[in-house]
1. Once each part is reduced to its C-alpha centroid, what is the distance from region A:27-97 to region C:189-207 in angstrom?
2. Using the count of nearby Cβ atoms within 10 Å as a rough guide to exposure, how do A:Val176, B:Val135 rank from fewest to most?
3. Would you kindly compute the Cα radius of gyration of chain B and its largest Cα-Cα separation (Dmax), both in Å?
4. Using alpha-carbon positions, what is the distance between the centroids of region C:106-176 and region B:1-63, in Å?
5. Find the relative contact order for region C:40-163 and round it to a whole percent, using C-alpha pairs within less than 8 Å whose residues are 6+ positions apart.
6. Within 10 Å of each Cβ in peptide C:154-166, how many partner chain Cβ atoms are there on average? Round it to a whole number, please.
7. Considering region C:233-335, what Rg and Dmax in Å follow from its alpha-carbon atoms?
8. Using the Cβ atoms and a cut-off under 15 Å, what net charge is assigned to the surroundings of A:His130, where Lys and Arg are +1 and Asp and Glu are -1?
Amino acid sequence: MMDVLIETRGLTRNYGEICALKPLDLRVNNGEWLSIMGHSGSGKSTLLNLLGGLDRPSDGFIRVGGEDLRVLSEDGMARYRREFVGIIFQQHHLIPYLTAVENIMMAQYFHSVPDEAEARTALERVGLGHRLKNRPGELSGGEQQRVCIARAIINSPRLLLGDEPTGNLDHGSTRVVMELLSELRAEEQFTIIMVTHNHEVAAWGDRTIYLDDGVMVREELKGD
Amino acid sequence: MGALKLTVLILAWGGIIIVLGRGFSVNRLLLAVSNATGFAAGVAVGALLLSTLQGDASFAVAKAVLSALFLLHWLVSLAALYRSTGEGTTVERFQKMSNNPLSAACCSIAVGILAGTICSFRFIPQGGEVPLLTVVIVGFSGVCLTAFFFGVEQFVPKMPVPTAEVLMAIVVSFILFASSSIPRLDLFSPLVMKVMKLIHDIVHQFFESMLIPDHLFFRPEVWNYIGLLFGNRVGLWGGMLIWFTPVLLVAAAIRLERLPSVAHIRQGAERRTLLKAHIRERRTRLVAPLIAGVMLAAAVFQSRFPAVEYWDPKPLKVAATPSGSIFIPLTGEIDLKDGKIHKFLFKERGRDARFMVLQNSAGGYTVTLDACSICKPDGYGQTEGAVICYYCKTLIPLETVGKPGGCNPVPVPFMMEKNGIAIDGAALLNLWGITVQATNRVKGAAR
Amino acid sequence: MRRIGNVFFSVLSSRALPPLVMVFFLIMYAGIAVFSDEALAMLMAQIRRNPFLTILLALIPLNAVIRLVRETARFLRRRRLIKTGRCEGLVPGMFDEMIDLSFSPSLARLQEQLAATGYRVQATETSLAAWRGVTVFPARILFLAGMIFLFSGILFSLTTRTTRREMLIEGEPLSWATGERDRIENVSLQEHAGLFFNRALTVKLATHDGIRKTFGLYPPSRYQGAFLYPRYLGIAPLVRFSAPDLPGGFETHYILMIYPPGKEDSADIPGTAYRVFFSLAPAESGDDPFITGRMALLFRVLKEKEPVATGRVLLGGESSKGGYRLGFPDFRRVVATDFVRDHGVIPIWMALVFFAAALLWWLPARFISPRREIFFVQGFNGIHAVSRAEGMRIRHGGVFHAALDSLENNRATHD
């Protein structure tokens, strides 16, 4: 039996009058790839923020890797984000005046100490060994997203969160990025939770859940 | 002013107790009792020294002990740096000793004795019978404070297990902070004097040894730079260097400690996390030398700007008789028999000289210039049991006023007459001229 | 016995020895300074006289020699190891970090990876060495050499220095040693815009066999193995003096150390109660009379401590007052010079040069491009991986760790 990495019960997030996420029960296994689909405003990003420790629930229970995120202090939450979670955004948020390798080292710096050799190796793993010294502006969209992946995995997170990571990419680049993520998951054994609008992208996951108006309306396993 | 001095002593004792409490992981009660016993014993030792030893001897003994402690601090710090920069040597931790009740008690008692002695020098007057009541009050206050600070200690954040040199650095800094609040126990000013002399000696000897010609041949601007080496600024900075170096050595020993190897770990993030933890731990341990440094800086401040009021009379103008002699009556406008320094100003044909007369404890009189042969002639002020040179802040015990050498006021030949003192005016002017010319020429020209 | 010898040798070669010896002498200095104003001179005299102290001081250069030999041998052993690529010479403590891998992966793939990070790589069949940067070892050698020269110099100087003061007078022979027939031809002082000095002193000497030599100010010139150390300048004026009770007059060359102008010196008139105080009058033009030779003497004549006459007399002139006459027809320049035999002077200067060179090497080597080394060598049961860095340790550690990671990954791939 696979062990459970994420467990939520009645997880809720309200913003004043608006209920962005209605009580949600969810279990994600260690090493699983979960895709989350839904329309804009369906609560996908809210769920992702709660799982990534970027936001706190209004109510309900949420446990990730044995940590009860409701009771973690601010310092504990920061440590959780630093050591447990890696995030890939649609807008990659790379620092424009730093080179690719320096962007990775920045993530190492916030985690612990920078290590250039390790940062180079990480970029080589995502196929950017020849673009180490290029700044984000000199890279294509797909390459930028690969730098983001290298940045997200450099600190060996157990949970990788993707917020529409291929939203800005063409078909070819999307495929390259998804293949890369798939390979890395096989090597590193991390869990992926990825929010997407794209059915093709969602199909890379082991399971897909559909949210609508803050409620999980459907769940599909791979091959269904 | 009195309250300020008291605060300094209480702060120092509190600091010592908290540091010892954090440093030794043995029974709190044992530590508290050892500290309190040591302190009470120290007060008694101080009282005995003050009542049995004549003149400056009791202060000299205490200062010698403090100097020895400072020297030990130096050696321990050197050893620490040696260990931490050695190849293939491991850094031995203080843990074993800090867990041993016997060593903890011994250290606490020894430190208590030192602190108690210093406090007794502040409160107990010199000479005569031991004032039992004062001794009991000071000792009892120390014991009460010990109990109070052991209470406070529990609320102080935990610090990493200190090494011997770290504990030593911080305790010594608190001791020196306390002792520098009593001018006659201050170590820093004499250190500055010694350094000034050492630098002067070394530069002079270097010129002699290396056959470098005299200033006659030098470009004036080059010679002025060399002259800076003789100023009291250099003595001050050199003194500070020696004063702070042990703490800096301890800090360097911590900073230069090799980080443990993480090469056996095969995951980068884990390696970096471990490295970060080691770096952070090392950085935390630097807090202790930093505190020690701050306390030493406070000691320097107290030494340079002592919270003491000086007796500094305005020089009284005197004139010479037609035969060239200056006569100062023992009583009259000024009473020379009060044991205080009395200053006089003699002016003749555009030349002047400042001198002072003092009745010593044996009843005899001394006449000296209001200047020494080393410093610029900023003059002296009188404080309890000593005169202080305003320029270099050195304390000269009253017993040695009238003897030549060092920063002592330059003695002036005089004749003791029935009702007063007679001094040769021309000789006085010449002596002042020679002294002031010598001290203004190269030394301390900065002020 | 052998054990005692080992302990003795390890004390002698310890890094702690020189600082401890210096601290000892510093304490001695502080102790002497309590009682004396001449603490350094007394300390030096003690070291000279007391064999125990002399030997103690000699331990410092001795220690430096031993350390120089040991550290050089250690450095060469490490280089040889890397060059030959054999694991036999590898001992713990030779490098900062040492990891034994229980497997024997191919090292060939590492070459490229290490080269890409800027390391120079050298491979043999059984090893792979990668390095970059400049070692501080030469600076260390220069520093130790400086220590040897400095303290040997101090020791030589303390124990063997002899000084003899001579007056070098224009036109007069040197009275010292074999120099009786050597003669000072000329002494001159000129304005001179140097880096340190603004005066140039030149002493010209004619030896008995007709050779002319010129001595300057600095660096000190040598004469028959001794350094010439000019201390003071003076003049030897020819003085004619007559007084009411000395009508016959008196004429002699005095040697007066009265330079610079204003400095006073005195001389007796032999067989009389007269004593004359002289000083050089400052020139009104501001020129230096010693340089120009246009000088005037200020004088005070005392008879049994009572002033009887004062005045000013120009070169070639005469002053007359109340029956006292003082003439100043001629003068010669004089240099009070120490003839110093000291074998320590040159070593001490050399030491300073060594220290400066060491600093010039160390600063850039340590802070711009410190030496970093990685070495993989095939052992009996696997690969030994060692690493060493003289600076930038954490960054270098990263490269070393990445190389180890890469070996591990290769193994995983092959498995």
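Every number in this text was worked out from the coordinates using simple rules, so none of it is lab data. Remember, predicted model here, so these are calculated numbers, not experimental data. Because the Cβ atoms are built from the backbone with ideal geometry, glycine has one as well, and the counts that use them run over all protein chains shown.
1. Measuring centre to centre over Cα atoms gives 84 Å.
2. Numbers: A:Val176 17, B:Val135 20.
Least crowded to most crowded, the residues run A:Val176, B:Val135.
3. 26.6, 99
4. Distance between centres, Cα-based: 50 Å.
5. Numbers: 75 pairs, mean separation 47.8, N = 124.
After rounding, I find 39 percent.
6. Numbers: counts 1, 0, 0, 4, 1, 0, 0, 2, 0, 1, 0, 0, 0.
Whole-number average of other-chain Cβ neighbours for C:154-166 is 1.
7. When restricted to Cα atoms, region C:233-335 yields Rg and Dmax of 12.9, 39 Å.
8. Values: positive: A:Arg120, A:Arg125, A:Arg131, A:Lys133, A:Arg135, A:Arg146; negative: A:Glu124, A:Glu138, A:Glu143, C:Glu112.
Within the 15 Å Cβ shell, the charges total +2.
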